[in-house]
Each structure stands twice: as C-alpha cells, then as structure tokens.
Amino acid sequence: MRKAVIILTCIVCLGAILNRNTFKDDISNRSIVQGVGIDINDDGTYTVTLEIINTENYSNADGTAKPVMNLRTLSGKTVSSAIKSAYAIDGKTPVLSQNRVIVIGKKLAEKGIMPSLDFFIRGSENYPTVQIATVQGRAEDFFKDASGETTVVSRNIEDILMTSEEDMSVSSITLCDLVNHYKSAGASFYMPIISTFEGKEKKEITSKGTAVFKEGKLVCNLSEEETASLNFLCNCARRGAVDFSYNGVPASISVIQNSTKKKVDYSSENPQFFFKVKIKADLAEIDSETVYNPTQTEVDAMKECAEEKIKSDIEALCRKLYRQEKADPLGFSRLIYIYYPEKFRAQEKNLSEIMTNSQYSVEVEICIRRLGQDYSS
C-alpha cells in the first residue's frame, strides 16, 4: 500500500512538472492582446495596432526593466488579415480573449466603422463586453503617445470609461450594446472620445465628450456637458456634479441618484415624447461672499435654478440630435415600435423625418437631501 502511494505521488508530481512546462510553452507562443486600435488608410487598407503583454523576462541582462507591454503595428486588406499577419513576424498567435478595448481612429469613424467591427462581432474568441472608444486622430498615434515602460494603455482606458458610473460627463459602451443600438430602428449609437494630456511624469488618458454615429458613420461630437444630458436620458447618470447659477453666483449640486422615465404619445400626426427626470442630490457649493445656511425658501429657489438648467440642457441636446443631425442614439424610436407597432411599420421608411418633427417635453424634479454642515453657533 505504501509503495502504491509513493508511485502515485511521483506520477502526480511528474504530471504537474510537465503541465507547467507545457503551460509555459503555450504562453511563450502566444501574443496576449490587451488593446486594439483600428485605422483606415487612403488606399482602403487597415492599420491595426495591438497592445500585447510582454511575456518574456521583465528585465534585461544589465538589470534595466523591459516594457510591460509591446506595441505591434500591422496592415492588411481586412482587420482579421492584419491581426493574423502578426504570426508571420514573431511566430506567436494573437489571442484576443483578454482584449479590454477597441479604439477607432477618426478617419475610420467618418467613413463607417461597422465593416471593421465585423471580425470582432463574428469571431467566437472576442468578448461582447469589450469597451469601444474613438479618438480625434489616428488610433495608432494614440497608443504610441500614451504608452510607456510601465503603462498598460488599454487598462487605463478601461478604468477611465468605467468611471461613467460615478461621473456623468463620461460615457461608455460595449461591443454588444453598440450592435444592439445599430440593429434597432434608428441605427444610431454613441461612444466615448478619449485623448491624452501631459501629466507630471507621463502622458495621461482622459475622456473628452461623446461621438454620435448614424448608420455607422460619425455625424457629430458632444461636449462633456452634453454627455451629462445624454446620460440623464439614458438613465446612466448615477453620480456627478451639476453646476448652475443662483442669484448671480455659481452653485453646484452633487447627484446621488437619478431615475428617468420615458413615454410617447403618437395619437396625433407627430409623436410627442415625455421625459421625467427624478434626481436625489446634495447641495455641494454656493460661491457667495459669506458662509451661511440657506432657508427653505432659498433651497426651493436653488432647486428651481438647477431644474431649469438640467431641463434646458436636455432640450438643447434633443434639438441637436434629432433636428440638426437626425440621429437617434438614445433609441427613442424604439418607444414607437413598442407602443405603436402599426404606425411604426407604416412609417418605418420615413422614421428619420418623423423623429425630426417630434415634440419633446422634459420635466425635472430634484430632491436635495443635505445642505452641508451647520457652522452657526
């Protein structure tokens, strides 16, 4: 019995050693992709930038550190052929199952992004929850500008976009959500715009507004303030700050919770959309000359100022998206599809014009929970 246990233990240990070596070989023969940048060239070919984990030793012979990530720039007639061409360069198979983000160059965004995303939608290796963003220049230049010896650009992008839950001036969208928006009635969607800026020690990444797409092509950009209004309408504005003017001085509230209900009435010639935005917030700041505790009358007046500010911003966003750009990234036309299916089917070809002539009614209700600390004696 004792001999059998010893033999079995030896077999298990040998198997573990062999498995470890096999795993090491598997890793060294693969390029684990963390981020993908896509650009289109003048001749119609694609330039794909891959941010790959450096699986080799993290230090050189002289003791200096090797970069944590490697950048690989590839070209091809299609995105998939460009990515697969990496094997011919270093003999390593690109692995996209760990990819965090896809960055779209501006020129490609203007031309239309859906053909370039087909590989990521169709392939079983790609996760549908990967984040998508765009830049104002080339994605290749963005990755090169933001990279450093200890920098994982894709992870930093993902961290920035995840702050959309805490900062309503930041938007985010996954591949799955983008496809669902595109396949819906309006065929419009949005994605965040990212950029770099000079930090104390290295280039930092930030989000600078939102890009709006119609039929897969970039039609306009939204500012950070307009992005906040978009997040209110999407029910995504969980937290953030709203600045407004009260008695001629700047003031601000901190949004703690938001709930937006949407309805549509299509009983007349043109549909009318109703939005009711309910907000719970704290009074964050009043830039007055003296520190004081506002009375209930003053609090009610501040609420009205903040409500009017949010309402006017949302109305301005609706005018810009639906009347100027004739885009429906918020999916309002789907409400017609749900509640008035017969009218939707009858007017589907003229949906863009119908949305342009629609009316939008916005109601904002703010509940201020806290006024701040009381320093009065």
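The values are calculated or read from the model by the stated rules, or taken from the named source; none is laboratory data. Owing to the predicted nature of the structure, the values given are computational and were not obtained by experimental measurement. Here Cβ is always computed from backbone atoms with ideal geometry, including for glycine, and neighbour counts include all displayed protein chains. What goes into the accessible areas is simple: the full protein's heavy atoms, side chains included, and nothing from ligands, DNA or RNA. Shrake-Rupley method; radii C 1.70, N 1.55, O 1.52, S 1.80 Å.
So is SER154 within 12 Å of the chain's Cα centre (by Cα), touching a residue at least 24 places away in the same chain (Cβ under 8 Å) and either crowded, with 20+ Cβ neighbours inside 10 Å or within 26 Å of GLU225 (Cβ to Cβ) (or both) or not?
Working: within 12 Å of the chain's Cα centre (by Cα): no; touching a residue at least 24 places away in the same chain (Cβ under 8 Å): yes; either crowded, with 20+ Cβ neighbours inside 10 Å or within 26 Å of GLU225 (Cβ to Cβ) (or both): yes.
In short, no.
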TODO: Among the candidates THR210, THR295, single out the residue that is open to solvent by 10 Å² or more (accessible area, probe 1.4 Å) and among the β-branched types (Val, Ile, Thr).
DONE: THR295
Open item on the list: Return the residues of the range 339-365 that are open to solvent by 90 Å² or more (accessible area, probe 1.4 Å) and either farther than 17 Å from GLU215 by Cβ or within 25 Å of the chain's Cα centre (by Cα) (or both); say none if nothing qualifies.
Closed with: TYR339, GLU342, ARG345, GLN359, GLU363
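Among the residues of the range 323-350, how many are of a type in the set (Asp, Glu) and in a loop (DSSP other than H, G, I, E, B)? Step through it out loud before you land on a result.
Quick first cut of the range 323-350, residues of a type in the set (Asp, Glu) only: 325, 328, 342, 348.
From the residues that got through so far, the ones that are in a loop (DSSP other than H, G, I, E, B) too are 325, 328.
Of the residues in the range 323-350, 2 are of a type in the set (Asp, Glu) and in a loop (DSSP other than H, G, I, E, B).
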- [ ] Output the residues belonging to the range 157-190 that are free of Cβ contacts under 8 Å to residues at least 60 places away in the same chain, outside any loop (DSSP other than H, G, I, E, B) and of a type in the set (Ser, Thr, Tyr).
- [x] THR163, THR174
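Give ASP177, ASP90 a once-over and let me know the one that is under 28 Å from ARG30 (Cα atoms) and open to solvent by 20 Å² or more (accessible area, probe 1.4 Å).
Working: ASP177 fails: under 28 Å from ARG30 (Cα atoms).
Only one candidate qualifies: ASP90.
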- [ ] Filter the range 93-113 down to residues that are open to solvent by 10 Å² or more (accessible area, probe 1.4 Å) and either among the polar types (S, T, N, Q) or part of a strand (DSSP E or B) (or both), then give me how many there are.
- [x] 6
- [ ] Considering (1) in a strand (DSSP E or B); (2) at pLDDT below 95; (3) not charged (D, E, K, R), say which one ILE121 fails and leave the rest.
- [x] (1)
Task: Matching residues, the range 114-135, being open to solvent by 70 Å² or more (accessible area, probe 1.4 Å), over 18 Å from GLU51 (Cα atoms) and among the charged types (D, E, K, R) - done: ARG122
